[in-house]
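Taken together, the values in this text are just the output of simple stated rules run on the coordinates, not laboratory data. For clarity, every value in this text was computed on a predicted model and none was experimentally measured. Here the Cβ is made from the backbone with ideal geometry for all residues, glycine too, and neighbour counts use every protein chain on show.
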Amino acid sequence: MSKYYVNKFLFMVDRDPQLLRRYADDPASLVAAWEQALGPALLGNETEASSVHSLTEHERDALVRHDYVALFEMGAHFFLNLTIFIGIYDEPYRAKSGPLSFQRTFASDLKDWAGREYPSVAT
């Protein structure tokens, strides 16, 4: 897994409201577009790009499916993983079940990790 590349995706998309909305509405399209244009960019400019990093099929699939459990298990940074999906799911969950309802769902979905050593986030 390229933890760096997955974390770069989570970080960049979470901090751009337009990208986050596109990711919520059409994840497959956004992941493909990000991997082609935004992911390789270095220093935020169009003249420098990296060809070193790419997403694996497993990473791409987890990002497209919003599978935060799989991303966690692959070693995606916990905070980046949580915050992007709060940005997507907090409002609908809150409307249905009140404050912090998505965070409780996230924790419940990861309950099998209680008492175990978390996957390393080292890149």
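The table that follows gives values for the structure above.
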| item | result |
| --- | --- |
| Residue-wise HN-Hα coupling along region 12-28, computed from phi with Karplus coefficients 6.51, -1.76, 1.60 (Hz; x: Gly, Pro) | 5, 5, 5, 9, 10, x, 5, 5, 4, 5, 4, 5, 5, 7, 8, x, 4 |
| Long-range HN-HN contacts of Thr56 with modeled amide H, under 5 Å | Ser2 |
| Global geometry of the chain, whether rounded, prolate or oblate, following the gyration tensor of its Cα atoms and the 1.5 cut on a/c | oblate |
| Structure-based [θ]222 nm, the chain - -39500 (n - 2.57) summed over DSSP H runs of at least 4, per residue, nearest 500 | -17500 deg cm²/dmol |
| Calculated from backbone phi, Karplus (6.51, -1.76, 1.60) coupling profile of region 54-61 in Hz, x at Gly/Pro | 7, 7, 6, 4, 5, 5, 4, 4 |
| Aspartates and glutamates whose Cα lies under 14 Å from that of Lys8, excluding same-chain neighbours fewer than 8 positions away | Asp16, Glu35, Glu59 |
| Lys, Arg +1 and Asp, Glu -1 on Cβ, resulting dipole of the chain about Cα centre, debye, nearest 20 | 380 debye |
| Nonlocal amide H pairs with Ala49, under 5 Å, H built at 1.01 Å | Leu42 |
